[in-house]
Amino acid sequence: MTTSVREPRRTTPSSRWAWLRGDRLTTINLVLTFVIICAVFATQSQYFLTIENFLNVGRTLGVVGIVAIGMTLVLVTGGVDLSVGSVAALSGVVTSILWTKSGIPLGLAAVLGLLSGTLVGFLNGYLVAVVRINPLITTLASLSIIRGLAFVMSEGQTNQLNNDAFKFLGRGEIAGLPVSLIIMISLYVIFILVMSYTQFGRNLYAIGGSPDASRLAGISVTRHLLIVYTLCGTLAAFGGLIISSQLASSAPRAAVGLEFTVIAATVLGGTSLAGGKGTLIGTLVGVFILRVLDNGLTQTRISSFYQDVVGGLVLLLAVGFDQIRLKLTDKLGGGRK
Amino acid sequence: MTALLQMQNISKSFYGVKVLDDVSISLSAGEVLALLGENGAGKSTLIKILNGDYQKDGGSVLIDGQPTEITHPRDAEKLGIRMIYQELHYAPELSVAENLVLGHLPRKSGALKWMVDWPKMREMARDVLTLLNVDIDPAAKMGSLTVVEREIVEIVKAVSRQARIVVMDEPTAALTPPEVRQLFGIIENLRSRGVGIIYISHRLDEIKQIAQRVTVLRDGKHVNTLPISEASDENIVQMMVGRKIEDRLHVRALAKQTSFGETALSIRGLSKADAFEDITLDVRRGEIVGLFGLLGAGHVALTRSLFGVERPDSGQILVDGAPVKIISPQHAKRAGIGFVPLDRKVNGLVLGMSVRKNITLSNWDKLAPLGVFSQGKELANTRAWVERLGIRMAGGVEVETRFLSGGNQQKVVLARWLEAGVKVLLLNEPTWGVDVGARSDIYDQLEALAAEGLAILMVSSDIEEVLNVSHRILTIYKGRITGEYSQAEANQEILLQSAAGGAQ
Amino acid sequence: MNNRLRTRGLQEAASLIVMLLLIIFVMSQLTDVFFTARNLRNMMLEVSTVGIIAVFTTMLMISGGLDLSVAANLALAGVIIGRFQADWGILQAALAAVGVSTLIGALNGFLVTYVGINPLITTIGMLSAARGIALVVADGLTLPVFDLTGEATDAYTLFHQLGEGEIAGVPLPIVIMVVLLIIGMLVMQFTTYGRALYAIGGNADASRLAGLSVRRYRMIAYTLTGFSAGIAAVLLTARLYAADPKAAPSIELTVITAVVLGGVSLAGGKGTLFGTVLGVLILTTLLNGLRLQSTSTELQNIAQGLVLLLAVGLDQIRTRNINWLKWLRTTRALPAGQPASNGGN
């Protein structure tokens, strides 16, 4: 993309801190932030450092964690998806309506609920990749539309989804570990492999880094974007099913603002909104930080209203420090730009 | 023998304007065909049609004598057609190796066939890099390389996968002479393997070295195709511009100025780590000082520091004898310094704004002292500069600058600083991407402006430009001034030697 | 060429006006209440809240910025009035609220321009923080805003006048919006500030190298957007006699939809306040009409989203329409029964 010819950057003087650059430093920063947060809460609440509490945190990780996978993929391609919260609500509503009103078996209803997210994701992808509407605008619109659809379908009502098999998804445990956490971890393993080791994953980085280079290399940008948005929609719907399962009901108001939490976690984890940059490991750490923060604040009996405040501040601080660090290294590195 | 590639009677229109009209070219295996023409002559449209980026309206493309439809870059890719664009396209966060095989990452065999085979990929990358004698670490991140290294990777990438036809668009624009030699080595290497090369360049000397035939386009029409032995500079330029212009570029009679005004700009011991060191120079009123250096010599960084885009580490800048503190472009403007950047489309103009608004962009203090524009005065000043500099545009001063040709765009940037009333003008490569006709026009204007008392510091890596326009020439090498020559003393050999760090 | 561009601008405005008239016509056919004085008045009051914020958001977006935190900012300002009216006096509290909103805008500006955080991220963070603070300040409750003690009647009368007063029969919030709008139009057309916003949105690098203080102008644009949220909050609170920390949910989406509908590009450098006015009118008329239909209020969300997609999508197709129309013509021109293409020549 760089078209203007700049003074070539001389190789920076090799110092003992040379390894402390870029991604590695971001990850170390993140983990440090995480440790410090844990340490602070540990001094404030005896309960914080118990296994029970960690399992508690684990239960809350699943939804944000799973949706953040899709978001990371979308952000890596240089896009964004603001509709994930609405999609999560829709999938729950679709599932419960099909089950209670249409008498479709719950398993099938849940699959159809999931597919409703797939469809929305595909439509988002179509508008972004084929019609070429700005992703922010596209998903802003679908955020509105899908939320409205969820309300219309449910007539604004909360619907019961009281079924033991279904509740197992959100509340069940296997060998003492929450099922949703196990699913989340498996999805992370799969998608980390996909992003690092498959042609598809590497192509996403190429598309985000330079759509032109990718197109010129014969990569079908359109097809990749379609797949990524479809995946993001599906994963958001899956997150919605877990929410419904945890609450044993579906509400059209569910997961309002989920998109903000998820984007915050992803960006906290080092993914760039400009595209081409970001890792799922980073995202996972970002999700952990946000969740532990929530949990810790609850432990210390601070009003739940503060959680929004702290969440917003952490996001700004994390990204802000990252920016300042970039500027500093640029200055120290010299000769660049 | 059938030609490797024939493009016959190609036509193409945009928005009702014919940009290619019945153009035919042919290319044999193992041949370098130079494609020439001024900006807007249709060269890039032609190669984009070849690459499937644009669809032709009429005509046919034959490869090995077979009619072929290329409707997508992927088709071109399969046919072995490779493009090396002026603008580099790469994924900065991926490794050199991945960029080299982008879109064709090798995969493992058997059950894991959806996995990328990393060892194989690195091996492939190392193979092609060594084959073309390039020393770049395949594991390095693309974004961490220098511009030159990136361009080389781009070339290696284009030719590494069974290339049959390679199109190079101004490949040497950012290269130093040794690197140009390396590139020509690569081109010879490809030629010997039967690859056909379409080579687009403005540099006639290069074309003579490397090409076998020359095709000239003008206004979307095919003018002529000649063997290189029959093409002289003079008749090529004449074919390109369609009229016989006085060959100002070679024998410019720069007014023999011997006396200049007071010193307008003085630089004392200016240094910036990894860019330039201990630069001391003066520019007097009425003087054009050429600063000649090869790409990366530090001259571009110097002008950026003078204009406050970057901060020097130490040293002093004086305007009219008084020390000035310049820590941002606003400070520089206030001190009476103007700056014409390298890339006018990216850094010079607001392309979506009108000629009028671009010209007055730096003179708000006078045109709108209370924050409200005096419309009449603004228009009058704009018109005056349009007339004075001969800025030509269809539709008057309200037309958006993106519709102007390169030369006229450059004049708009010039006019902005003149309108702002600067005393010192810093020029970066003032005629890059400007066609031959407009080029000599700009030189005339610069000379006239200097005669009126403007002090001009011109940075250029175009040796003819430096020789033809400057009253005094300084050479810079690795961030240090290596020589100073009067207009009479300087010639190509001396300058090149000095700018390459040779004996002073 | 210039003429073609100007016609294009006129076409855009014309198509927006046609769209507006069409919606008004359909709504008036669907219900008798649409054209009643009361409904029009209500509608215009709705327009005033969205409109005041949209004026400044338009200017911000023209400079290439974006602010998603306006709704949270508005809620916070309202809650500050409600919470501190008794301690500080109502007018002082209202002033403080506008001050806080302006400060939040300035903070957004600082983070975007000086620290260099992406505007989307900055204002999402600020949205979350401001909404949280609003909830904390109000303890999650809707606060009443009127003279509870009966001691400061004059001040309260004055305050509520802001929301309910009229000038020549026109409600004051509407007057204020129109005044701000006209000032905004003049500023964008005739002043260096307006010129700077267009230049920076068009090409920030070039503007900086032309000697403009890009950061300062951007900073001002963000600060003013925050200020507008504060003003809107004061007018809304004065009119409703209450402040809700959950007030104006997702009004930022309505504002952005209206602005983009009116022709402002997310990339900046392009758009007019006139377009924004049409965008706001179209959107509020549509939403109001749907509400009168007593259809589920949630249909409004769907309608709003569809309008946004339609507007931007049509724009996309229009800019590519030349090839598209040609394609239509060529396929039509083919005699029936003949194969569409046999591969070239």
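Among the residues of region C:184-203, count how many are hydrophobic (A, V, I, L, M, F, W, C), at the interface with another protein chain (Cβ under 9 Å from one of its Cβ atoms) and either assigned to a loop (DSSP other than H, G, I, E, B) or within 21 Å of B:Ser328 (Cα to Cα) (or both).
Looking only at that region, the number is 3.
For region B:388-403, indicate whether the set of residues that are in a helix (DSSP H, G or I) and facing chain C (nearest Cβ under 9 Å) is non-empty.
Checked region B:388-403: at least one residue is in a helix (DSSP H, G or I) and facing chain C (nearest Cβ under 9 Å).
When you scan region C:173-188, do you find a residue that is surrounded by 13 or more Cβ atoms within 10 Å (Cβ to Cβ) and within 12 Å of C:Ala238 (Cβ to Cβ), even just one?
yes
Here are C:Val79, C:Val98, C:Val112: which of them is touching a strand residue (DSSP E or B) at 6+ places or on another chain (Cβ under 6 Å) and hydrophobic (A, V, I, L, M, F, W, C)?
C:Val79
Scan region B:471-479 and give yes if some residue there is modelled with pLDDT of 85 or more, touching an Asp or Glu at 6+ places or on another chain (Cβ under 8 Å) and farther than 22 Å from B:Glu447 by Cβ, otherwise no.
Looking for residues that are modelled with pLDDT of 85 or more, touching an Asp or Glu at 6+ places or on another chain (Cβ under 8 Å) and farther than 22 Å from B:Glu447 by Cβ, one finds at least one in region B:471-479, hence yes.
Residues that are more than 17 Å from B:Lys12 (Cα to Cα) and either facing chain A (nearest Cβ under 8 Å) or of a type outside the set (Val, Ile, Thr) (or both): does region B:39-57 have at least one?
Checked against the condition, which is being more than 17 Å from B:Lys12 (Cα to Cα) and either facing chain A (nearest Cβ under 8 Å) or of a type outside the set (Val, Ile, Thr) (or both), region B:39-57 yields no hits at all.
Identify, from the list B:Gly315, B:Gly308, B:Gly348, the residue that is more than 21 Å from the chain's Cα centre (by Cα), surrounded by 23 or more Cβ atoms within 10 Å (Cβ to Cβ) and either within 11 Å of chain C (Cβ to nearest Cβ) or under 20 Å from B:Ala275 (Cα atoms) (or both).
None of the others qualify; the one that does is B:Gly308.
Restricting the search to region C:221-249, which residues are part of a loop (DSSP other than H, G, I, E, B) and surrounded by fewer than 21 Cβ atoms within 10 Å (Cβ to Cβ)?
Matches in region C:221-249: C:Tyr241, C:Asp244, C:Lys246, C:Pro249.
What is the number of the single condition among (1) within 10 Å of chain C (Cβ to nearest Cβ); (2) without any contact (Cβ under 8 Å) to a residue 24 or more places away in the chain; (3) among the small types (Gly, Ala, Ser) that B:Ala322 does not meet?
The one condition B:Ala322 does not meet is (1).
Checking the conditions here, which among B:Ala139, B:Ala158, B:Ala163, B:Ala125 is part of a loop (DSSP other than H, G, I, E, B) and buried (at least 16 other Cβ atoms within 10 Å of the Cβ)?
After applying the criteria, what remains is B:Ala163.
Just to be sure, is A:Ile219 at the interface with chain B (Cβ under 8 Å from one of its Cβ atoms) and surrounded by 21 or more Cβ atoms within 10 Å (Cβ to Cβ)?
yes
Looking only at region B:166-198, which residues are assigned to a loop (DSSP other than H, G, I, E, B) and either modelled with pLDDT of 80 or more or more than 14 Å from every other protein chain (Cβ to nearest Cβ) (or both)?
Hits for region B:166-198 are B:Arg193, B:Gly194, B:Val195.
For residues that are in contact with a Ser or Thr (Cβ under 8 Å, 6 or more places away or on another chain) and within 7 Å of chain A (Cβ to nearest Cβ), scanning just region B:103-130, find the one that is modelled with the highest pLDDT.
The extreme case among them is B:Val116.
Please specify each residue of region A:195-234 satisfying the condition of being under 28 Å from A:Leu90 (Cα atoms), over 16 Å from the mean Cα position of the chain (by Cα) and β-branched (Val, Ile, Thr).
A:Thr222, A:Ile227
Looking at (1) over 20 Å from A:Ser210 (Cα atoms); (2) in contact with a helix residue (DSSP H, G or I) (Cβ under 6 Å, 6 or more places away or on another chain); (3) surrounded by fewer than 16 Cβ atoms within 10 Å (Cβ to Cβ), can you tell me which one B:Met115 breaks?
It is condition (3) that B:Met115 fails.
For the subset of region C:245-304 comprising residues that are over 14 Å from the mean Cα position of the chain (by Cα) and β-branched (Val, Ile, Thr), which member is modelled with the lowest pLDDT?
Once the filter is applied, the top-ranked residue is C:Thr295.
Pull out all pairs, ordered by first then second residue, where Cβ-Cβ is under 6 Å, the residues are six or more apart or on different chains, the first lies in region B:74-102 and is within 23 Å of A:Thr222 (Cβ to Cβ) and more than 7 Å from chain A (Cβ to nearest Cβ), and the second is part of a loop (DSSP other than H, G, I, E, B) and among the aromatic types (Phe, Trp, Tyr).
Filtered contacts from region B:74-102: B:Asn99/B:Tyr90.
Would it be correct to say that A:Ala165 is in contact (Cβ under 8 Å) with a residue 24 or more places away in the chain, more than 21 Å from the chain's Cα centre (by Cα), part of a helix (DSSP H, G or I) and crowded, with 23+ Cβ neighbours inside 10 Å?
no
If A:Leu258 meets every condition in (1) buried (at least 19 other Cβ atoms within 10 Å of the Cβ); (2) within 14 Å of chain B (Cβ to nearest Cβ); (3) in contact (Cβ under 8 Å) with a residue 40 or more places away in the chain apart from one, which number is that one?
(2)
How many residues does region C:27-72 hold that are more than 24 Å from C:Met188 (Cα to Cα) and outside any helix (DSSP H, G or I)?
3
Restricting to region B:404-435, count the residues that are away from every other protein chain (no Cβ under 12 Å) and farther than 26 Å from B:Asp365 by Cα.
7
Rundown of residues vs (1) within 11 Å of the chain's Cα centre (by Cα); (2) at negative phi; (3) of a type outside the set (Val, Ile, Thr), yes/no style:
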position	(1), (2), (3)
A:Glu52	no, yes, yes
A:Ile66	yes, yes, no
A:Val76	no, yes, no
A:Ser91	no, yes, yes
A:Thr95	no, yes, no
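Among the residues that make up region C:59-71, is at least one of them among the β-branched types (Val, Ile, Thr), modelled with pLDDT of 90 or more and closer than 18 Å to C:Ala243 by Cβ?
The answer is yes; a qualifying residue exists.
Looking at region B:351-374, which of its residues are assigned to a helix (DSSP H, G or I) and more than 8 Å from every other protein chain (Cβ to nearest Cβ)?
B:Val355, B:Arg356, B:Asn358, B:Ile359, B:Asp365, B:Lys366, B:Leu367
Among (1) touching a Phe, Trp or Tyr at 6+ places or on another chain (Cβ under 8 Å); (2) at pLDDT 80 or above, there is one condition B:Gly501 misses while meeting the rest; what is its number?
(2)
Out of all the residues in region A:170-197, which are modelled with pLDDT under 90 and out of contact with any Gly (no Cβ under 9 Å at 6 or more places or on another chain)?
Answer for region A:170-197, where residues must be modelled with pLDDT under 90 and out of contact with any Gly (no Cβ under 9 Å at 6 or more places or on another chain): A:Arg171, A:Gly172, A:Glu173, A:Ile174, A:Ala175, A:Gly176, A:Ser196, A:Tyr197.
For region A:118-128, how many residues meet the condition of being within 12 Å of another protein chain (Cβ to nearest Cβ) and either crowded, with 23+ Cβ neighbours inside 10 Å or of a type in the set (D, E, K, R) (or both)?
4
The values are calculated or read from the model by the stated rules, or taken from the named source; none is laboratory data. Note that the structure is predicted; figures quoted are calculated from it, not measured. Because the Cβ atoms are built from the backbone with ideal geometry, glycine has one as well, and the counts that use them run over all protein chains shown.
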